[in-house]
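Beneath this line is the structure, given in structure tokens, with notes to follow.
The values are calculated or read from the model by the stated rules, or taken from the named source; none is laboratory data. Everything numeric here is computed off the predicted structure, so don't read it as measured data. Here the Cβ positions follow ideal geometry from the backbone for every residue, glycine too, while neighbour counts run over all protein chains shown. For the accessible areas, the whole protein counts, side chains as well, though only heavy atoms, and no ligand, DNA or RNA atoms are used. Shrake-Rupley method; radii C 1.70, N 1.55, O 1.52, S 1.80 Å.
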Amino acid sequence: MIGATGRRVFIGDVHGNYDGLMHLLEAIAPVESDDLYFLGDLIDRGPKSAETVNFVRDSGYPCIRGNHEQLLIDSFPDGKIHYPALQAWLYSGGQATLSSYHDAHLLLEHLQWISNLPLYLDLGDVWLVHAGVHPDLPIDEQTEYELCWIRDQFHCIPTPYFPDKTIITGHTITFTFPGVLPGQIVQGQGWLDIDTGAYHRRSGWLTALDWTNQQVYQVNVYHQAVRILPLEESITFIEPEAIIPRHPVAANH
């Protein structure tokens, strides 16, 4: 049941799937006492990045910065074009984002908003970050490189990074973990990954996690299916030894 203070709901990587997000919110049916949080990667790959950013910004929902937002920021440092970064962004799904903007002024407004997004949010018992943390660095030494991009080095940690907080992330599509089916949430040592690959044809599932009620809401952006499941039925646990680091992030940056 919803408590007096409402629900805390965390929404995974939307990637420009605005229509899917609207269907997801219909299923969640948030009320004024609920708190919704976005885990980054609002943009790229999907068809309606501009609409997605506009909605989250204008609704005032807290959102953390993802690696795709970072790619956009890096493409326009100090209001100028950095062509190598721009090429990397366009290659990584930025072309779909640019196509969704019909007003350059709106893009600049959104860029300013995106540039001010935090890299993480500490909610006490829950710590929200897009990608994860470097296991060998204290928080005050972690940069956007670790917090927006890290994968295997974080996922294979043998003990939780925080003794008293659950880290909730997006970034790595869950079916890329060994033995995980599309749409499943992955649990490791002290962390949960809820990026179920909304943009990917193998999945299409956009996920929201109601932490208060331990419930999962999902909408498939390709065939509009909706499902609501207990969190315990949606989780696949990954042993740290099942993950072999492929692209280590150096602790000295």
#### Entry: Of all residues in segment 25-56 being within 15 Å of the chain's Cα centre (by Cα) and among the hydrophobic types (A, V, I, L, M, F, W, C), the one that is farthest from Leu111 (Cα to Cα)
Leu36
### Query
Within segment 110-127, which residues are under 14 Å from Ile43 (Cβ atoms) and either at pLDDT below 95 or in a helix (DSSP H, G or I) (or both)?
His110, Leu111, Trp113, Ile114, Ser115
### Task
Enumerate the pairs (first residue in segment 90-101 and farther than 17 Å from Tyr18 by Cβ and at pLDDT 95 or above; second residue anywhere and assigned to a helix (DSSP H, G or I) and open to solvent by less than 50 Å² (accessible area, probe 1.4 Å)) with beta-carbon separation below 6 Å, excluding pairs fewer than 6 apart on the same chain, so at least 6 apart or on different chains.
Ser92/Leu71
### Query
List, please: which pairs have Cβ atoms under 6 Å, are six or more places apart or on different chains, and start with a residue in segment 11-35 that is polar (S, T, N, Q) and end with one that is assigned to a loop (DSSP other than H, G, I, E, B)?
Asn17/Gly46; Asn17/Ala198; Asn17/Val221; Ser33/Gly6
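For segment 129-137, indicate whether the set of residues that are in contact (Cβ under 8 Å) with a residue 12 or more places away in the chain and assigned to a strand (DSSP E or B) is non-empty.
Yes, there is a match, as at least one residue in segment 129-137 is in contact (Cβ under 8 Å) with a residue 12 or more places away in the chain and assigned to a strand (DSSP E or B).
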### Query
What tally of residues in segment 113-141 results from selecting those that are under 13 Å from Trp191 (Cβ atoms), touching a Lys or Arg at 6+ places or on another chain (Cβ under 8 Å) and buried (at least 21 other Cβ atoms within 10 Å of the Cβ)?
4
### Task
Would you point out which residue out of Gly197, Gly183 is at positive phi, in contact (Cβ under 8 Å) with a residue 12 or more places away in the chain and more than 14 Å from the chain's Cα centre (by Cα)?
Gly183
### Message
With the structure loaded, tell me whether Ile150 is closer than 23 Å to Glu69 by Cα and in contact with a His (Cβ under 7 Å, 6 or more places away or on another chain) or whether it fails that test.
### Response
yes
### Query
Just a yes or no: is a residue in segment 212-219 polar (S, T, N, Q), closer than 21 Å to Tyr120 by Cβ and modelled with pLDDT of 95 or more?
yes
### Query
Got a number for residues in segment 144-153 being open to solvent by 40 Å² or more (accessible area, probe 1.4 Å) and either free of Cβ contacts under 8 Å to residues at least 12 places away in the same chain or not in a helix (DSSP H, G or I) (or both)?
1
### Query
In segment 77-89, which residues are modelled with pLDDT of 95 or more and either hydrophobic (A, V, I, L, M, F, W, C) or open to solvent by less than 20 Å² (accessible area, probe 1.4 Å) (or both)?
Ala85, Leu86, Ala88, Trp89
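Restricting the search to segment 33-76, which residues are hydroxyl-bearing (Ser, Thr, Tyr) and buried (at least 20 other Cβ atoms within 10 Å of the Cβ)?
Tyr37, Ser49, Thr52, Ser75 - these are the residues of segment 33-76 that are hydroxyl-bearing (Ser, Thr, Tyr) and buried (at least 20 other Cβ atoms within 10 Å of the Cβ).
To keep it simple, each residue is scored yes or no on (1) in contact (Cβ under 8 Å) with a residue 24 or more places away in the chain; (2) touching a Ser or Thr at 6+ places or on another chain (Cβ under 6 Å); (3) open to solvent by 20 Å² or more (accessible area, probe 1.4 Å).
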{"site": "Trp211", "(1), (2), (3)": "yes, no, yes"}
{"site": "Val219", "(1), (2), (3)": "yes, no, no"}
{"site": "Val226", "(1), (2), (3)": "yes, no, yes"}
{"site": "Pro230", "(1), (2), (3)": "no, no, yes"}
### Query
So which of Thr207, Thr196 ends up being outside any loop (DSSP other than H, G, I, E, B), modelled with pLDDT of 95 or more and open to solvent by less than 20 Å² (accessible area, probe 1.4 Å)?
Thr207
